[in-house]
Amino acid sequence: MSSGITEARAFAPASVGNIGVGFDLLGHSIDGPRDVATVRRIDAPEVRIAAIRGEVEGVAGIPLEAARNTAGQALMALRAALDLPFGLELELDKGIPLGSGLGGSAASCVAALVAANALLDTPLSREALYAFALDGEAVASGSRHGDNVAPMLLGGVVLATASRMVALEAPDWLHAVVVHPDQMLETRRARAVLAEPYPLSQVVAHSACLALFLTGLQRGDAALIGEGLKDLLVEPRRAPLIPGFAQVKRAAMDHGALGASISGAGPSVFAWFASKAAAEAAAVSMRTAFAEAGFGSRAYVSPVRGPRAEVLA
């Protein structure tokens, strides 16, 4: 199962999980910050993490113990499933801020898997890597959901279920703005506010939005996308955890956004636009809104059809 290659590097892009209307089901990658993993073969029959580097806050606190690290756990699952006769050593260069809602924990395990896959005689398909990515992501979030790892593996907009990734069509004129404030929000805390049950009428209304959104994507219909891009379930409960959210969303909508909501578990905020020019103009106002709430921020403008994880030369 091993190739002649003994070391490989790969990157995984940031992502927008949920896309508001598709909690734990939908996500899309963005052209912006990324994580890079270097994986090498070692003789010892184990997975070990040699180093974790990066300029983002909190890197020093990421566990070096493989079983407690998203990338380490993903590689352990891969190695066990394939019964590899060699071990794997990992170095991570973090470019995606922790607790940002940009899929930082997912990117680490996807980058590691894509790099490790290049060391195999017969590399696995992206679909085959998905289960191992879910194993890794569960370390950070406490559950197996693929709305971040799936778009990183395939690129663009992806529907992610417990067992499948389905790439969705998205018109090339669709652009996203993702604004990351100088805040941190742990995924587990953001999920805790969702524990109380929802009334059936609210679930039905949200399902209608999801159906409109998916139909709009398939047809390339901006009006349908905008009508469906509304989070009636998760956003109302998580918004109070993000100071400035309401103002930032309002700034996006005032610039003609098709919709805007929380990226992943937050605190990043995303908005979709029908053109790159509109997205770039809105990004300035969205950052200003966070500034008025007392927070610096960074904005990323990207096609919704963002990149997928790839091996680096």
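The values are calculated or read from the model by the stated rules, or taken from the named source; none is laboratory data. Here the structure is a predicted model, which is why all the values come from computation and not from measurement. Here Cβ is always computed from backbone atoms with ideal geometry, including for glycine, and neighbour counts include all displayed protein chains.
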message: Scan the range 274-285 and tell me whether some residue there is of a type in the set (Val, Ile, Thr), modelled with pLDDT of 95 or more and not in a helix (DSSP H, G or I).
response: no
- request: Determine, yes or no, whether Leu124 is hydrophobic (A, V, I, L, M, F, W, C), within 17 Å of Ala265 (Cβ to Cβ), in contact with a helix residue (DSSP H, G or I) (Cβ under 6 Å, 6 or more places away or on another chain) and in a loop (DSSP other than H, G, I, E, B).
  value: no
task: Looking only at the range 288-309, count how many residues are charged (D, E, K, R) and farther than 13 Å from Ala14 by Cα.
output: 2
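Could you list, in sequence order, all residues of the range 161-190 that are under 16 Å from Val304 (Cα atoms) and of a type outside the set (D, E, K, R)?
Once the filter is applied, which keeps residues that are under 16 Å from Val304 (Cα atoms) and of a type outside the set (D, E, K, R), the range 161-190 yields Val166, Ala167, Leu168, Ala170, Pro171, Trp173, Leu174, His175, Ala176, Val177, Val178, Val179.
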- request: Restricting attention to the range 200-215, report how many residues are crowded, with 17+ Cβ neighbours inside 10 Å and more than 20 Å from Val158 (Cβ to Cβ).
  value: 0
message: If I filter the range 239-248 for residues that are under 28 Å from Arg126 (Cβ atoms) and hydrophobic (A, V, I, L, M, F, W, C), do I get at least one hit?
response: no
- prompt: Of the residues Leu233, Leu212, Leu224, which single one is within 27 Å of Ala167 (Cα to Cα), over 19 Å from the mean Cα position of the chain (by Cα) and part of a loop (DSSP other than H, G, I, E, B)?
  reply: Leu233
- line: Those residues of the range 216-239 which are surrounded by 16 or more Cβ atoms within 10 Å (Cβ to Cβ) and hydrophobic (A, V, I, L, M, F, W, C) amount to Leu217, Ala222, Leu224, Ile225, Leu229, Leu232, Leu233, Val234, Ala239
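For every residue, the table says whether it meets (1) aliphatic (A, V, I, L, M); (2) within 17 Å of Phe132 (Cα to Cα).
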residue	(1), (2)
Ile5	yes, no
Phe23	no, no
Pro45	no, no
Ile52	yes, no
Gly58	no, no
Glu65	no, no
Gly87	no, yes
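Listed here are the residues, each with its yes/no results for (1) buried (at least 21 other Cβ atoms within 10 Å of the Cβ); (2) of a type in the set (Lys, Arg); (3) in a loop (DSSP other than H, G, I, E, B); (4) assigned by TED's automatic domain parsing to the domain that holds Leu159.
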residue: Pro13; (1), (2), (3), (4): yes, no, no, yes
residue: Asp24; (1), (2), (3), (4): no, no, yes, yes
residue: Gly27; (1), (2), (3), (4): yes, no, no, yes
residue: Gly32; (1), (2), (3), (4): yes, no, no, yes
residue: Thr38; (1), (2), (3), (4): no, no, no, yes
residue: Ile49; (1), (2), (3), (4): yes, no, no, yes
residue: Glu57; (1), (2), (3), (4): no, no, yes, yes
residue: Ala74; (1), (2), (3), (4): yes, no, no, yes
residue: Leu78; (1), (2), (3), (4): yes, no, no, yes
message: Take the residues in the range 240-267 that are part of a helix (DSSP H, G or I) and surrounded by fewer than 20 Cβ atoms within 10 Å (Cβ to Cβ); name whichever of them is farthest from the chain's Cα centre (by Cα).
response: Asp254
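Taking Pro63 as the residue in question, decide whether it is in contact with a Phe, Trp or Tyr (Cβ under 8 Å, 6 or more places away or on another chain), in a loop (DSSP other than H, G, I, E, B) and surrounded by fewer than 19 Cβ atoms within 10 Å (Cβ to Cβ).
Details: in contact with a Phe, Trp or Tyr (Cβ under 8 Å, 6 or more places away or on another chain): no; in a loop (DSSP other than H, G, I, E, B): yes; surrounded by fewer than 19 Cβ atoms within 10 Å (Cβ to Cβ): yes.
Against the criterion (in contact with a Phe, Trp or Tyr (Cβ under 8 Å, 6 or more places away or on another chain), in a loop (DSSP other than H, G, I, E, B) and surrounded by fewer than 19 Cβ atoms within 10 Å (Cβ to Cβ)), Pro63 does not qualify.
Just to be sure I understand, how many residues within the range 179-208 are in a loop (DSSP other than H, G, I, E, B) and either modelled with pLDDT of 90 or more or farther than 20 Å from Ala246 by Cα (or both)? Before you say what the answer is, go through the steps one by one.
Narrowing the range 179-208 to residues in a loop (DSSP other than H, G, I, E, B): 182-186, 193-199.
Still in the running and either modelled with pLDDT of 90 or more or farther than 20 Å from Ala246 by Cα (or both): 182-183, 193-199.
Within the range 179-208, residues that are in a loop (DSSP other than H, G, I, E, B) and either modelled with pLDDT of 90 or more or farther than 20 Å from Ala246 by Cα (or both) number 9.
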task: Enumerate the pairs (first residue in the range 287-308 and within 19 Å of Trp173 (Cβ to Cβ); second residue anywhere and of a type in the set (A, V, I, L, M) and in a helix (DSSP H, G or I)) with beta-carbon separation below 6 Å, excluding pairs fewer than 6 apart on the same chain, so at least 6 apart or on different chains.
output: Val301/Ala279; Val301/Ala283
- request: Please identify the pairs in which a residue from the range 68-83 that is at negative phi has its Cβ atom under 7 Å from the Cβ atom of a residue that is at pLDDT below 95 and not in a helix (DSSP H, G or I), counting only partners at least 6 apart or on another chain.
  value: Asn69/Ile62; Asn69/Pro63; Leu82/Met1
